[in-house]
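This report refers to the structure that appears directly beneath it.
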Amino acid sequence: MIIFGIDPGTAVTGYGVIKTRNNSITWLDSGVITTSATGALAERLEIIYNGLFNKMRVHTPDRVCIEEAFYSKNVHTTLVLGHARGVAMLAARQAKALITEYTPREIKKAVTGNGNAAKEQVEYMVKVLLSPPVSHTRSDAYDALAIAVCDFYNTGLTSLK
C-alpha cells in the first residue's frame, strides 16, 4: 500500500510518500513544492496542484492524507491555507486515492506519542522510523511524512500486506 502525506501551504507544500508491507513502513519519496510569495494566488495554486498531481502520477498512492487546517487569529491566512488544501484534495481525487485528514495534534501524537510535540521532535521521529536517504532543509517534507505515518498507525494498516 502506498500512502501519500501532504502538509499544505501556499508558499511551501510538503509531500511525503511511504510504502507499507508486512507491518513495516518504508520511505519512497519526500520534498517540497514552493511558490513565489509575489505570485498571484491562482498561479501559486496551479503550481501546487501540478506538483502534487505529477508526484501522485509517479507513485500511484492508494491513500492520500492531508493535514487539517489550524485556525489562526488571522482569518485571511486560514482562508488561503484552505485553498491549498482544496487543490491538494483535487489532485488526490483525480489520482483516484482515498483521502483522509488529520489534525496537527493527531499527527504529533501518532508519531511521537505526544500531541504537543515540537516540530523538531516530529522530524527526529520521522528520521528514526523511516531513515530517509535525503536530508531536507524544510520541515514541511518531514511533516508530510509524519502525516503518512499517522495514517498508517491510525487506520490499522499494520495488518494489511
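The values are calculated or read from the model by the stated rules, or taken from the named source; none is laboratory data. Everything numeric in this text was worked out from a predicted model, so none of it was measured. Neighbour counts are summed over all protein chains in view; Cβ atoms, including those assigned to glycine, are modelled from backbone coordinates with ideal geometry.
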Within region 118-146, residues at negative phi, hydroxyl-bearing (S, T, Y) and surrounded by fewer than 24 Cβ atoms within 10 Å (Cβ to Cβ) come out as Y124, S135, T137, S139
Single residue of T26, T35, T13, T60 found to be hydroxyl-bearing (S, T, Y) and at positive phi: T60
Within region 21-48, residues buried (at least 22 other Cβ atoms within 10 Å of the Cβ) and either under 13 Å from A141 (Cα atoms) or over 14 Å from the mean Cα position of the chain (by Cα) (or both) come out as S30, I33, R44
Flag if Y142 is among the hydroxyl-bearing types (S, T, Y) and farther than 23 Å from L81 by Cα: no
Condition set assigned to a loop (DSSP other than H, G, I, E, B) and among the basic types (K, R), scope region 120-161, selection modelled with the highest pLDDT: answer is R138
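One line per residue, one yes/no per condition, for (1) over 21 Å from D151 (Cα atoms); (2) at pLDDT below 95; (3) aliphatic (A, V, I, L, M):
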position: I2; (1), (2), (3): no, no, yes
position: I33; (1), (2), (3): yes, no, yes
position: G39; (1), (2), (3): yes, yes, no
position: M56; (1), (2), (3): no, no, yes
position: T77; (1), (2), (3): yes, yes, no
position: V80; (1), (2), (3): yes, yes, yes
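Based on this model, can you work out whether K108 counts as free of Cβ contacts under 8 Å to residues at least 60 places away in the same chain, of a type in the set (K, R), assigned to a helix (DSSP H, G or I) and crowded, with 21+ Cβ neighbours inside 10 Å? Break it down into steps so the answer makes sense when it comes.
Numbers: free of Cβ contacts under 8 Å to residues at least 60 places away in the same chain: yes; of a type in the set (K, R): yes; assigned to a helix (DSSP H, G or I): yes; crowded, with 21+ Cβ neighbours inside 10 Å: yes.
Yes; evaluated as a whole, the condition is true for this residue.
Name the residue that is nearest to the chain's Cα centre (by Cα), counting only residues in region 6-20 that are part of a strand (DSSP E or B) and under 15 Å from R138 (Cα atoms).
The initial filter retains those residues of region 6-20 that are part of a strand (DSSP E or B), namely 6-7, 12-20.
Within this subset, residues satisfying the condition of being under 15 Å from R138 (Cα atoms) are 6-7, 12-16.
Values: I6: 2, D7: 4, V12: 11, T13: 8, G14: 6, Y15: 5, G16: 6 Å.
Result: I6.
A quick yes/no check of all residues on (1) within 30 Å of V128 (Cβ to Cβ); (2) without any contact (Cβ under 8 Å) to a residue 12 or more places away in the chain; (3) out of contact with any Lys or Arg (no Cβ under 8 Å at 6 or more places or on another chain):
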position: M1; (1), (2), (3): yes, no, no
position: T20; (1), (2), (3): yes, no, yes
position: F53; (1), (2), (3): no, no, yes
position: L81; (1), (2), (3): yes, no, yes
position: L90; (1), (2), (3): no, no, yes
position: K96; (1), (2), (3): no, yes, yes
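Take the residues in region 73-105 that are of a type in the set (D, E, K, R) and assigned to a helix (DSSP H, G or I), then tell me which one is nearest to D62 (Cα to Cα).
In this case the residue turns out to be R93.
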